[in-house]
Amino acid sequence: MSDIVKYEIKGDVAVITLNRPDALNAFTTELSNRLQLELERAAGDDSVRVIVLTGEGRCFSAGADLKSGFEGRPVSGKLHYEYRPVFSAIATMSKPVIAAVSGSAAGIGMSLALQCDLMIMADNAFLLSPFTTISLVPDGGLNWLLVRQLGYRRAFQMSVECERIAAGRCVELGLANRAVPADALQSEALEWAQTLAKRAPRSLEATKKAMRYAMDNDWASTFAMEADWQQALAGSEDNVEGVAAFFEKREPKFKGK
């Protein structure tokens, strides 16, 4: 099988790497399909608690591979049947996905990075929505993501002016969580993932689902979802272990139950 997407297990963490460095990890049909499979593989592996998504070489992803064109499929078909399953896999899985961005994340690569639950960037990296320079519209859900995170005017300006949003600025705007030295990106991302992997898995799942739900729904229904999750978690094996560890001043050992 092609290694166009690499899959590695490091303890409780799955590291998924886009592996077309000579093409700046630009998206093709094969890459999209393999990425979906590897995300689903991590989602279904009970030994994996956190996923790191990154790119091989000097770039996270330059976006769609313009040299390959649309490979015989209408562009709307690529969006619906190639990109959307990848983005849905990230949003719907129970586990946190951390984007580790080196170099740049542009076009669909930017959408992919922002779709992840958390983002850590090399301090010399940037995000870029380049669509108005090639007479296309931001896609991969990028309009939805940017407007919700930045507000309409700022999101519109950044997109139509094709602004390179530097890592430090991304952190200021809330688009990224951390900016770290470029040579420490992968180690910092893995360390962060391993720290999160020590948290209670079902609590991570509940928090992710409740907060993603809150993005599109009202206070009352979000409150109700929180109450349902709290009822499901209260008294669980991991809840009992967490409370006991708190009082015994030790690190809890969660089992995902």
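The values are calculated or read from the model by the stated rules, or taken from the named source; none is laboratory data. Source: prediction; values computed, not measured. FYI the Cβ positions are ideal-geometry reconstructions off the backbone, even for glycines, and counts take in every protein chain you see.
Looking only at residues in segment 1-37 that are of a type in the set (Gly, Ala, Ser) and loosely packed, with under 14 Cβ neighbours inside 10 Å, which one is farthest from GLU82 (Cα to Cα)? Lay out the reasoning, then the answer.
Within segment 1-37, the first condition is being of a type in the set (Gly, Ala, Ser), and the residues that meet it are 2, 11, 14, 23, 26, 32.
Filter once more, so that each one left must be loosely packed, with under 14 Cβ neighbours inside 10 Å: 2, 11.
Details: SER2: 18, GLY11: 30 Å.
Taking the candidates together, the pick is GLY11.
Do we have MET215 as among the aliphatic types (A, V, I, L, M) and at pLDDT 95 or above here?
Values: among the aliphatic types (A, V, I, L, M): yes; at pLDDT 95 or above: no.
Judged against the criteria, MET215 is not a match.
Identify all residues within segment 136-189 that are in a helix (DSSP H, G or I), in contact with a Pro (Cβ under 9 Å, 6 or more places away or on another chain) and over 24 Å from MET215 (Cα atoms); write none if there are none.
Within segment 136-189, just GLU188 meets the criteria.
Would you please name the residue that is farthest from GLU163 (Cα to Cα), looking only at residues in segment 69-90 that are of a type in the set (Gly, Ala, Ser) and exposed (fewer than 15 other Cβ atoms within 10 Å of the Cβ)?
Selected residue: GLY72.
Could you please find all residues in segment 127-161 being under 22 Å from the mean Cα position of the chain (by Cα) and either of a type in the set (Asp, Glu) or on the phi > 0 side of the Ramachandran plot (or both)?
Those that are under 22 Å from the mean Cα position of the chain (by Cα) and either of a type in the set (Asp, Glu) or on the phi > 0 side of the Ramachandran plot (or both): ASP139, GLY140, GLY141, GLY151.
Can you name the number of the only condition in (1) touching a residue at least 60 places away in the same chain (Cβ under 8 Å); (2) outside the structural domain of LEU18 (by TED's automatic domain parsing) that GLN186 fails?
Here GLN186 meets the rest and fails (2).
Contact list please: Cβ distance under 7 Å, first residue in segment 215-226 and surrounded by fewer than 13 Cβ atoms within 10 Å (Cβ to Cβ), second residue assigned to a helix (DSSP H, G or I), pairs at least six apart or on different chains.
Listed by first residue and then by second, the contacts come to MET215/ARG148.
For segment 218-248, which residues satisfy the criterion of being more than 15 Å from ARG199 (Cβ to Cβ) and of a type in the set (A, V, I, L, M)?
ALA220, ALA224, MET225, ALA227, ALA232, ALA234, VAL240, ALA244
Looking at (1) closer than 24 Å to GLU172 by Cβ; (2) within 16 Å of the chain's Cα centre (by Cα); (3) surrounded by fewer than 18 Cβ atoms within 10 Å (Cβ to Cβ), which is the only condition GLU40 fails?
Condition (1) is where GLU40 drops out.
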